[in-house]
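Undergrad: Before anything else, here's the structure in question.
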Amino acid sequence: MKDTVHTHVYVRNGDALSVTDVQNDFLPGGALGVFEGDAVISPANCTIEIFRKAALPVFITRDWHPPHHSSFKEKNGPWPPHCIRYTKGAEFASRLKIPDNAIVISKGSSIERDQYSSLHGLDSSGRTQDELLKSLKIKRLFICGLATEYCVLNSVQDAREAGYEVFVLTDAIRGVNVNPGDSEKALEEMSRLGAMLITTADLKVQPA
Ligand code: VGL
Ligand code: ZN
C-alpha cells in the first residue's frame, strides 16, 4: 500500500479543488460502475464545503461523451457505453453537493478520441481547465473523484507537467482495477510525479 502522508494542509488563496467525474455511470450499478465509487461522495462533499467556505474555486468535471464514442466497445474501444451526454448516467451523483458557483468541466466530448485528463476539458464558454486555473492564479490543485487510474491519474500527470503543486485526496478516490493492483500502481505513479497523497482529514481551514 502506497503510504499516504498524514499532515496538516491549510487551504489558502491560490488553491483550487477539482472533483473528478462523480457521475451515475461510475457509481455501483452504473454502466461503468467503480467498486465503492459511491464512497467518494461524502469525503468529496466535506472537501467541497471547505473550499466553498474559504471562497476558493471548485471545479466539477464530467465525462461527457457523444453517442457511439470511439472509447466504446462498439467502436473497438475498451469501455461499455457510459456517460453519454444528457443521459441519466452522465448526471452527477445526486448526493454530490455542487456549489452554485462551481465550474463544470466537460471532457471526452469529441467523438474520435478519448480524454481522461480534466486539464484540457472545457467549461461552458470553451475555456480549458488549465486556462481557467492560470487566470485564477492557482498554484495548488487538490484532486479527488473517479477513477483513480484513468481520469484522476491523467489529470495529476497533466497538472504536474503544467507546473501545479498537486494534492490527491486518497480517501476520496476509487479505481476501476481492470487488472488487480491498477489503482495502487497509479498512486505510486502520482507520488513519483511529486503529487502529495493526503486525506480529507488532513485539510484544515486557517482560523480567522
Ligand atoms: C474514465 C474510463 C472511461 C474516467 C472515463 O473518468 O476515469 N474512465 N472513461
Ligand atoms: Zn469515458
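Undergrad: Among the numbered criteria (1) more than 24 Å from Arg85 (Cα to Cα); (2) without any contact (Cβ under 8 Å) to a residue 40 or more places away in the chain; (3) surrounded by fewer than 24 Cβ atoms within 10 Å (Cβ to Cβ), which one does Ala162 miss?
TA: (2) is the only condition that Ala162 fails.
Undergrad: Among the residues of region 199-208, how many are over 19 Å from Asn13 (Cα atoms) and open to solvent by less than 50 Å² (accessible area, probe 1.4 Å)?
TA: 1
Undergrad: What are the residues in region 61-98 that are aliphatic (A, V, I, L, M) and either assigned to a strand (DSSP E or B) or within 15 Å of ligand 2 (Cβ to nearest atom) (or both), if any?
TA: Selection gives Ile84, Ala90.
Undergrad: State which residue pairs qualify: first residue within 13 Å of Ala201 (Cα to Cα) and touching a residue at least 40 places away in the same chain (Cβ under 8 Å) and inside region 33-50, second residue part of a helix (DSSP H, G or I) and among the small types (Gly, Ala, Ser) in any location, beta carbons under 8 Å apart, and separation of 6 or more residues or different chains.
TA: Pairs that qualify, where the first residue is within 13 Å of Ala201 (Cα to Cα) and touching a residue at least 40 places away in the same chain (Cβ under 8 Å) and the partner is part of a helix (DSSP H, G or I) and among the small types (Gly, Ala, Ser): there are none.
Undergrad: Next question, about the same structure. Looking at region 122-145, which of its residues are open to solvent by less than 30 Å² (accessible area, probe 1.4 Å), more than 14 Å from ligand 1 (Cβ to nearest atom) and under 18 Å from Ile48 (Cβ atoms)?
TA: Correct list: Asp123, Leu132, Leu133, Ile138, Arg140, Leu141, Phe142.
Undergrad: Search region 99-121 for residues being assigned to a strand (DSSP E or B) and within 15 Å of ligand 2 (Cβ to nearest atom), and hand back the single one that is surrounded by the fewest Cβ atoms within 10 Å (Cβ to Cβ).
TA: Here the residue is Ser106.
Undergrad: Out of the residues in region 55-86 meeting the condition of being at positive phi and surrounded by fewer than 20 Cβ atoms within 10 Å (Cβ to Cβ), tell me which one is farthest from ligand 1 (Cβ to nearest atom).
TA: Checking each candidate, the answer is Ala55.
Undergrad: Considering each of Leu193, Leu197, Leu187 in turn, give the residue that is under 16 Å from Thr7 (Cα atoms) and at pLDDT 95 or above.
TA: Residue meeting the stated conditions: Leu197.
Undergrad: When you scan region 37-48, do you find a residue that is within 11 Å of ligand 1 (Cβ to nearest atom) and modelled with pLDDT of 95 or more, even just one?
TA: yes
The values are calculated or read from the model by the stated rules, or taken from the named source; none is laboratory data. Keep in mind the model is a prediction, meaning the values are calculated, not measured. Neighbour counts run over all protein chains shown; Cβ positions are idealised from the backbone, glycine included. Please note that ligands, DNA and RNA were not included when accessible areas were found on the heavy atoms of the full protein model with its side chains. Shrake-Rupley method; radii C 1.70, N 1.55, O 1.52, S 1.80 Å.
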